Structure formats: C-alpha cells, structure tokens
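Before any comments, here is the structure.
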Amino acid sequence: MNKQQARDLIENKLPEKRFKHSLRVADTAIKLAQIYGGDVDKAEYAGILHDFCKYDDLGSMYQIVQQHELDTSLLSFGSEILHGPVCAALMRTEYGIDDPEILSAIAYHTTGRAQMTKTEKIVFIADYIEPARQIPGVEEIREMAYNQGSLDRTVYEISKRTVLHLISNDITVFNSTIECLNYYNYSEERIEDD
Ligand SMILES: [Fe+2]
Ligand SMILES: [Fe+2]
C-alpha cells in the first residue's frame, strides 16, 4: 500500500475529525523522525494508520484478539486500549503491511511499553502532541519533544501524566502502560536509548 492508498483507506473509514487527526499525527511523526534521526517513512505510515480501528465495535475487536492470539489481558479493556493492537493485527493480515516497526508503532501508540523502538516512541509522542490536542499541559510536552532532545524523557512525561489521569479517575491501568512508566522513569539512573 502506498501512502495515498493509506490516506484513502483512513478517509473512507473514519469520521472527518479522526481522519484529520491521523494526518496531523503523521505530520508530527515526520517532524520528530527528522529531529531524532528516525525512519521518516515508517513514522508517517504508522501515523496515518494508527487509529484505523478506533471506532470498530468491541465484539469484532475481541474476535481479532482471539483469532490472532493477541495478549488476552486485552479482553478486560475497552476500545481505547484495544484499537491499537487490533489495528496492527488487521494491517498485517488484511492489508499487507509487513514491516514490524510500523506494526508495533501502531500496536503500542496508546499504551506504550518498556523498551520501545524509536518509531514506537515517535508515534506515541506524536499522538499526544499533534497540534490540535488541547490536553492540559500539552504545551510543556511539545516543548520537551521538539527542543529538549530526549524521546525517552518525553515518553516518560506522557506516561506519567496518563497514569495520573487514569488513577485519579479510577480507571484500570493496562500493564504495558505501567511497564512503560517504570522503564522510562528518570528518577533512576538509566542510559538513554536514543
Ligand atoms: Fe488511538
Ligand atoms: Fe490517535
């Protein structure tokens, strides 16, 4: 699938607002890949495609989790957690995307995880900071991502804010989000991955 086909696929499936979000995530991912020496093409593909399953019905997402033997702990979560891994499975099996880096960036774009690839980090961050996002404090994260030279630190700050938000709303936190938080924790000495 070329990039125009990827864009068309998203435009034909998602509401306009989500389609435009996808394009903004792709553009943001390109910028981050340029800044951090990542793979611009892979970042763009993953950005365009990441939310393809965002509004799929839960029943069909559960089916894909079982069919493709994804992590069964996903089954206790809703579409907000499921749409990433389900999209990656569909892209691989139905749409011929076979690049593991694009697929994993799609799979982990919401939850993050420990030991992310550079493309995973880029898409995870781009989804949080794309220009239309108005999450409180997002400006600080944008400045960190664009000017402070550390993908790892930015991933940590995003995970921390996400976990705090989830906990304060009594929402269960998915395991890989906690693992991401712990892995990128800057209060401990750790060597930068990127
Ligand atoms: Fe998403
Ligand atoms: Fe998104």
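The values are calculated or read from the model by the stated rules, or taken from the named source; none is laboratory data. Note that this is a predicted model, so its numbers are computed, not measured. Cβ sites come from the backbone with ideal geometry, for glycine too, and all protein chains shown count toward neighbours. The accessibility values were calculated without ligands, DNA or RNA, using every heavy atom of the protein model including side chains. Shrake-Rupley method; radii C 1.70, N 1.55, O 1.52, S 1.80 Å.
List, largest first, the extents of the alpha carbons of segment 4-82 along their principal axes, each in whole Å.
That works out to 37, 27, 19 Å along the principal axes.
Let me check something: with ligands and nucleic acids excluded, how do TYR55, TYR184 order by accessible area (1.4 Å probe), largest to smallest? Present the calculation step by step, with values, prior to reporting the outcome.
Numbers: TYR55 125, TYR184 0 Å².
Heavy-atom accessible area, descending, gives TYR55, TYR184.
Regarding segment 3-135, what whole-number volume in Å³ per residue does the convex hull of its Cα atoms give? It would help to have the intermediate numbers written out before the result.
On the way: hull volume 14.3 nm³, N = 133.
Normalising the Cα hull of segment 3-135 by residue number yields 107 Å³.
Around GLY78, with a cut-off of 12 angstrom between Cβ atoms, what is the net charge of the other residues, counting Lys and Arg +1 and Asp and Glu -1?
Details: positive: LYS54; negative: ASP56, ASP57, GLU80.
Net of charged neighbours comes to -2.
What is the local net charge at ALA132, summed over the other residues whose Cβ is closer than 10 Å to its Cβ (Lys, Arg +1; Asp, Glu -1)?
Details: positive: LYS17, LYS20, ARG24, ARG133; negative: GLU130.
Computed value for this residue: +3.
List the GluC sites (Glu not before Pro) in segment 56-143 that DSSP assigns to loop (not H, G, I, E or B) and whose Cβ has at most 14 other Cβ atoms within 10 Å. Which are they?
Numbers: sites: GLU69, GLU80, GLU94, GLU101, GLU120, GLU139, GLU140, GLU143; in loops: GLU69.
Loop-located and lightly packed - GLU69.
Counting only helical runs of four or more DSSP H residues, what would the 222 nm mean residue ellipticity of the chain come to if each run contributes -39,500 (n - 2.57) and the total is spread over all its residues?
-20000 deg cm²/dmol
Near LYS13, which lysines are there with a Cα under 20 Å away, not counting those fewer than 8 places off in the same chain?
The reachable lysines, counting only those whose Cα sits under 20 Å from LYS13, are LYS3, LYS54.
Work out the P(r) tail for segment 59-194: percent of alpha carbon pairs separated by more than 19 Å, whole number.
52
Which shape class, rounded, prolate or oblate, goes with segment 103-171 when its Cα gyration tensor gives a ≥ b ≥ c as root eigenvalues, a/c under 1.5 marks rounded, and past that a/b bigger than b/c marks prolate? Kindly include the intermediate steps, with their values, before the conclusion.
Values: a/c = 1.57, a/b = 1.08, b/c = 1.45.
Since a/c reaches 1.5 but b/c is at least a/b, the shape of segment 103-171 is classed as oblate.
Can you give the relative contact order of the chain as a percent, counting alpha carbon pairs under 8 Å and 6+ residues apart?
Numbers: 267 pairs, mean separation 39.5, N = 194.
20 percent.
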